[in-house]
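Trainee: If you scroll down you'll find the structure; I have some questions about it.
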């Protein structure tokens with residue numbers, strides 16, 4: 001499939017996943033779409049439920065739509081990312097209205113700008129948020145960066 005000449009298939013490693021680009025050259029759009037259809041179907045069959053969007057849909061926009069549909073909000077906890085997830089969330093127009101805030105933890109587990117251990121206080125802080133907002137539902141997702149060390 002990736003060795004084809006028309007249409008072509010290319011993969012790109014991105015921070016939010018792997019993008020697969022399928023493109024075709026043709027005299028008109030209708031012909032190009034006919035060339036693309038079986039290859040796009042094959043890509044979707046290979047990746048199955050791991051495909052989260054197509055064309056210009058971003059992961060953030062799809063998550064934002066789901067948050068809108070469910071009425072849920074988004075809270076983040078990061079460790080070792082220097083706040084990269086928070087920046088990513090805040091810069092996605094579809095996510096920003098649902099973002100309720102978050103915590104950035106230093107490598108040792110303490111809250112950035114604090115001497116207290118953030119991981120120890122986190123469950124209590126989330127419980128306090130939940131107590132103020134009855135019916136609030138949340139799940140835990142961890143995104144942690146590993147940085148190699150040199151001897």
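Trainee: Kindly provide the pair-distance distribution of region 22-99 built from C-alpha pairs, with 10 Å bins from 0 and whole-percent values in order of increasing distance.
Mentor: Cα pair-distance distribution for region 22-99, in percent: 16, 31, 26, 20, 6, 0.
Trainee: Here is a follow-up. Among 56, 23, which comes first, then next, by fewest other beta-carbon atoms within 10 Å?
Mentor: Fewest to most other Cβ atoms nearby, the residues stand as 56, 23.
Trainee: Still on this structure, I have one more. I need 99, 12 ordered by Cβ neighbour count within 10 Å, fewest first.
Mentor: Exposure proxy ranking, most exposed first: 12, 99.
Trainee: Still on this structure, please answer the following. Hey, any idea what the orientation-averaged projected area of the convex hull of region 8-50's Cα atoms comes to, in nm²?
Mentor: 3.3
Computed from the coordinates by the stated procedures, all read-outs in this text should not be read as laboratory data. What you see is a predicted model; the values in this text were computed from it and never measured. No Cβ is skipped: glycine too gets one built from the backbone with ideal geometry, and neighbour counts run over all protein chains shown.
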